[in-house]
Every structure is written in C-alpha cells, then in structure tokens.
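The values are calculated or read from the model by the stated rules, or taken from the named source; none is laboratory data. These figures come from a predicted structure and were not determined experimentally. In this analysis, Cβ positions are derived from the backbone assuming ideal geometry, glycine residues included, and neighbour counts consider all displayed protein chains.
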Amino acid sequence: MERLNAAPNSAVSDGHRRKTRRGRLSRHNAPLETPIFHRRRVPAYNFLNERALARIEDQADWILNEIGVEFRGDRHALDFFAQAGARIKGERVRFEPGQVREICATAPEEFNLHGRDPNNTVTLGGDNLVLMPGYGSPFVSDLFRGRRYATLEDFHNFVKLAYVSPILHLSGGTVIEPTDVPVNKRHLDMMQAHLTLSTKPFMGSVTAPERALDSIEMAKLIFGCDFMKHNAVMQANINVNSPLVYDHTMSSALRVYAEANQCVCVSPAIFAGAMGPLSPAAVAAQTLAEAMVGIALTQLVRPGCPVVFGSFHSTMNLRSGALTFGSPEAGMTTMALSQLGRRLGVPVRSGGGQITASNAPDGQAMQDSADAMWATLLSGTHQVWHAAGWLEGGLVMSYEKFIMDLDHCGAMLKLLQGFDTDDEAFGRDAYVETGPGENFLSTNHTLRHYTTANFEPQISDAGPYENWVENGALTSDQRASTRWRQMLEDYQQPEMNSGIRSTLEEYISERKAAMPDEWH
C-alpha cells in the first residue's frame with residue numbers, strides 16, 4: 001500500500017548527495033520519511049503510590065458490594081451474573097469484594113486487532129500505543145463550508161484521511177454521524193466504508209443488537225468465519241449509562257461481540273459532579289467499578305474474549321454546567337485509570353485524546369488538546385480515541401483540526417521513542433570529516449539521516465516573517481485546509497477481491513430492502 005508522505009527506507013543515493021559550496025544539500029526537498037510507531041520506549045508515569053491505588057480499588061469494591069450496578073431490560077445478562085454467584089435483586093447486581101476482579105482474570109493482557117492488510121494489524125496491551133480519530137460527532141466543519149450536519153460523503157472523507165495517515169493506526173468507528181442516511185441503515189454504509197476504503201482495523205455498530213450482528217456478518221464476508229473465531233478484527237464501544245447503569249442496548253451489543261470473540265471496549269462516561277462525585281479519586285473508583293462489571297460480563301459470555309478497559313471522563317464548570325476538557329483534574333484521573341487498568345491486567349483506552357470544548361480550531365482548542373494528550377500519553381495508555389478532529393466537546397469533527405491534531409500526534413509519538421545512544425547516534429565520523437568550526441550539514445552522517453532525524457510537521461511554518469507574509473500570511477488552520485484537500489486528492493482506494501466486494505454489496509442491499517427507513 002502506498003502511504004502519503006512515506007518514502008523508501010533506503011538511504012539517499014550518492015547521486016542525490018550533491019552539495020553547494022556552503023555545504024547545504026542541493027536536494028533539500030528529498031521525500032520525508034514518516035516512521036509508523038506502534039511501541040513506546042519511554043516508560044509510563046506512575047502517578048499514584050500503592051496505598052492510593054489500593055484505596056481506589058477498595059472504593060470500587062464498596063460500590064459494587066453496597067450500591068451495585070443495574071442491567072436494565074437484559075434478563076440474559078442478569079442470568080450470567082446469577083450463575084456466577086452475584087446477588088441479584090430486581091435488575092440490580094451486587095458483588096462480594098474481589099468477585100468481579102476474579103471474573104475478569106480470564107481477559108487477555110495483550111492481543112492483536114487485525115487489519116485487512118496484515119501490515120496494518122495492531123497490538124493492544126504491553127508497550128503498544130494505538131491512535132484513532134474522533135468518534136460520534138453529528139456535525140462537521142471546514143473553512144469553506146462552515147459548520148453543518150455531517151453526511152455520508154464526510155464519513156468517507158474521514159475514513160480516507162485516517163487511512164492515508166501513518167499517524168493513526170485504526171480507521172475508527174462512527175467517526176461522524178452521516179445524518180443524510182436513515183438511522184436504522186447508516187451502520188451498513190459506515191461498515192462498508194471501513195471495509196472498502198481502508199485496510200486498517202475498525203469499530204462496528206453498537207446502537208442495537210441487530211446492528212452489531214450486521215457488523216459482524218459483514219466483517220465475516222471479508223475476513224472469513226474461521227479466522228474471526230480465533231482473531232479480533234473489530235472493536236465495539238460499550239458505553240455505560242453512568243452512574244451505574246447498563247441499558248439493554250449496550251449490554252446486548254456487548255454480548256453479541258463477546259460471543260463472536262471480537263474486541264469489546266467498556267467505557268464508562270463520567271462527568272465529575274453530574275454522573276458521580278466531583279473528585280478525581282471518586283471518578284477513578286466509579287469508572288473502575290462500572291468497567292469491571294462490563295468486562296466481567298464479556299468473560300462470562302466467552303472466557304478469553306479480548307477487552308479494553310475504557311473511560312471517558314470530564315470535569316465541568318460547576319457554576320455553569322458546561323463541560324471542560326484538558327483540565328488538570330481530568331488529566332490526573334487519566335493517569336490514575338491507566339495504572340488501575342494495568343493492575344487489572346487488560347489493555348487501557350484513555351479517557352483523554354485531543355479533546356476540547358473550543359468552538360473553533362484555535363489556540364484554546366490546541367491548548368486543551370495538548371494538555372489532555374500529554375496526560376494521556378504519559379499515563380501509559382494503550383489506545384487513544386479522539387486523537388484527531390474533535391471540537392465543541394465532540395459535537396463537531398473539524399477537517400482543519402484533524403490535520404492539526406495529526407501533526408501533534410506525530411510529534412508525541414516521536415517523543416515516546418526516546419533516542420538511541422549507539423555508535424551511529426554519536427556521529428563520530430562527522431567530527432572526523434569536518435573539524436572545529438566547520439558546518440555539519442554537509443557530512444555523510446547528516447546525509448544518512450536527514451530525512452528521518454527530526455519529526456517534520458506538515459503544516460507548521462518555521463520560515464521568516466517576510467516569507468510568511470509573501471506567501472499569504474496563512475494561519476495554521478488555513479494551511480491545514482490546504483493539506484486535507486490535498487490528502488483526499490491523492491487518496492487511492494485499496495484493492496479488494498471483486499467477488500468479495502459484490503457479496504458485501506449484495507448483503508447491504510438485502511438488509512436495507514428488508515426494513516423501512518427510520519430517521520429517529
């Protein structure tokens with residue numbers, strides 16, 4: 001597969017190493033090499049000590065024992081828990097201290113999420129880091145057309161942008177809501193886009209159990225039934241209706257994916273002070289309690305089902321009720337939850353990412369996003385959702401911010417690699433070749449590494465003021481606008497067997513014909 005901005009790994013050939021008298025490269029515009037980082041070499045930051053972690057775990061056990069979690073409208077889920085020895089009263093489930101953690105023990109610490117192209121397969125857990133774009137926005141925005149309802153064309157565009165970016169490892173899920181497609185049929189179009197416009201792993205639908213089944217059946221047409229019995233190719237996002245409630249839709253979809261041995265990410269969504277107490281410690285404990293119960297259900301349905309301990313938490317302005325993102329309190333909670341997830345022994349999806357409450361891709365947006373992303377990556381999380389595009393607290397997917405976020409993600413991924421201290425890194429031959437007072441730009445060491453030595457952002461302008469003015473005095477969002485349009489223009493759809501494509505299209509046509517359009 002050709003990736004945008006990718007170049008061969010071989011060194012620049014001797015024929016391309018002509019230099020001027022000033023020692024500068026005459027071919028300064030050699031192709032940029034963008035390494036694809038999957039692993040972190042900088043260790044995770046342990047934010048809390050053993051005593052604090054134990055206190056949070058004890059609080060989670062107290063919640064599950066004294067308060068409990070409700071599974072509304074899902075008798076099957078209640079039966080699973082009853083058979084496991086939980087205390088059931090009506091639709092509320094309570095557990096003895098340590099009981100839920102014991103059920104979770106069969107979940108794998110590390111597993112693969114397979115792409116249609118094996119080169120795009122990722123590993124969740126361990127030292128691996130997986131980034132994916134934003135999720136669930138009903139609106140999109142760009143500098144030309146402004147803010148508007150998202151369409152299927154926009155959905156296709158963002159799948160394409162995620163595919164051609166080496167910075168993002170997953171195609172995503174409901175990247176945006178295509179509002180020009182009926183609610184009960186749009187999952188078919190979204191799945192078709194992920195399966196045909198990209199070869200990266202993706203997420204399936206969870207908005208109804210039958211849509212979850214459609215997602216799995218469509219994936220089987222591409223990957224094969226036998227392969228999916230033993231391998232995860234897709235992920236489900238199961239949101240808890242915090243505080244302490246699983247509705248029938250979410251728990252049923254969870255069971256569908258678990259039965260199919262596909263990855264289930266359980267993500268409580270707690271806005272501190274509204275869906276739980278306002279302190280970071282309380283949010284961390286409640287998130288752990290809610291998530292463990294969902295993970296336990298996956299293991300009761302199918303022991304060994306791959307899972308991810310997810311979270312989505314936010315602070316809020318306690319005077320106005322408005323959500324805030326990138327706050328220090330949310331960052332502390334993010335770091336605590338990654339530690340708790342590692343102690344639970346499952347991969348962790350961060351509650352952070354490049355998230356912001358800003359209404360435009362401006363300084364506030366990037367500051368919020370940078371603050372949230374720093375805490376996320378320092379925490380040692382394994383998967384980052386909302387890594388690109390998020391605006392307005394998730395209401396909007398911005399084309400320009402998507403590109404701005406990619407640059408920031410790339411810089412962060414490079415940072416997490418640390419640096420080498422081998423003989424080549426010290427460049428002794430460059431000293432021998434030059435000497436005191438000489439320019440190192442023309443040395444063979446520089447020529448061997450200049451396309452990979454530094455992360456090169458795609459939209460930053462580091463030139464002098466005069467050149468910036470001469471080139472139109474473009475701001476970052478304006479340069480990002482040019483960039484995303486060029487990426488879409490250069491996009492090439494990956495190949496797919498024509499017979500498989502026809503079978504997939506036939507399945508979609510039959511499913512759409514079998515039900516009337518529903519718009520709500």
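What do you reckon, is residue 434 more than 33 Å from the chain's Cα centre (by Cα), over 22 Å from residue 200 (Cβ atoms) and polar (S, T, N, Q)? Against the criterion (more than 33 Å from the chain's Cα centre (by Cα), over 22 Å from residue 200 (Cβ atoms) and polar (S, T, N, Q)), residue 434 qualifies. Close contacts from region 365-377, counting a first residue that is over 18 Å from residue 398 (Cβ atoms) and a second that is polar (S, T, N, Q) and surrounded by fewer than 19 Cβ atoms within 10 Å (Cβ to Cβ), with Cβ to Cβ under 9 Å and a gap of 6+ residues or different chains, come to none at all. Evaluate region 149-158: report whether one residue or more is in contact with a helix residue (DSSP H, G or I) (Cβ under 8 Å, 6 or more places away or on another chain), farther than 19 Å from residue 36 by Cβ, outside any helix (DSSP H, G or I) and not β-branched (Val, Ile, Thr). No, region 149-158 has no match at all. Under the condition of being farther than 18 Å from residue 163 by Cα and touching a Lys or Arg at 6+ places or on another chain (Cβ under 9 Å), the residues counted in region 465-507 number 1. Of everything in region 270-306 that is β-branched (Val, Ile, Thr) and over 24 Å from residue 318 (Cα atoms), the residue that is surrounded by the fewest Cβ atoms within 10 Å (Cβ to Cβ) is 301.
Do we find that residue 109 is at pLDDT 95 or above, touching a strand residue (DSSP E or B) at 6+ places or on another chain (Cβ under 9 Å) and part of a loop (DSSP other than H, G, I, E, B) in this structure? When the stated conditions are applied, residue 109 does not pass them.
Residues that are touching a helix residue (DSSP H, G or I) at 6+ places or on another chain (Cβ under 9 Å), part of a helix (DSSP H, G or I) and buried (at least 24 other Cβ atoms within 10 Å of the Cβ) do occur in region 356-368, at least one of them. The residues in region 72-87 that are touching a residue at least 60 places away in the same chain (Cβ under 8 Å) and in a loop (DSSP other than H, G, I, E, B) can be counted, and the count is 3. Cβ separations smaller than 6 Å between residues 6+ apart or across chains give the following pairs from region 480-494 residues that are of a type in the set (Gly, Ala, Ser) to residues that are assigned to a helix (DSSP H, G or I): 480/400; 480/403; 480/404; 481/400. Checked against (1) free of Cβ contacts under 8 Å to residues at least 40 places away in the same chain; (2) loosely packed, with under 15 Cβ neighbours inside 10 Å, residue 65 passes all but condition (2). In the condition set (1) in a loop (DSSP other than H, G, I, E, B); (2) of a type in the set (Phe, Trp, Tyr); (3) surrounded by 11 or more Cβ atoms within 10 Å (Cβ to Cβ), residue 519 is compliant with all but (3). Within region 371-385, being closer than 23 Å to residue 124 by Cα and outside any strand (DSSP E or B) holds for 372, 373, 374, 375, 376, 377, 378, 379, 380, 381, 382, 385. Every condition in (1) out of contact with any Lys or Arg (no Cβ under 8 Å at 6 or more places or on another chain); (2) surrounded by fewer than 24 Cβ atoms within 10 Å (Cβ to Cβ); (3) of a type outside the set (Lys, Arg); (4) modelled with pLDDT under 95 is met by residue 174 except one, and the failing one is (4). Restricted to region 93-125, and to residues that are within 20 Å of the chain's Cα centre (by Cα) and hydroxyl-bearing (Ser, Thr, Tyr), which residue is nearest to residue 307 (Cα to Cα)? Residue satisfying both the conditions and the ranking: 123.
The number of residues in region 447-479 being over 33 Å from the mean Cα position of the chain (by Cα) and touching a residue at least 60 places away in the same chain (Cβ under 8 Å) comes to 2.
Scanning region 510-520 for residues that are over 9 Å from residue 188 (Cα atoms) and not hydrophobic (A, V, I, L, M, F, W, C) yields 510, 516, 517, 518, 520. Of the helices (runs of 4 or more DSSP H) entirely within region 182-257, those holding at least 1 residues that are in contact with a strand residue (DSSP E or B) (Cβ under 6 Å, 6 or more places away or on another chain) occupy 186-197, 209-223.
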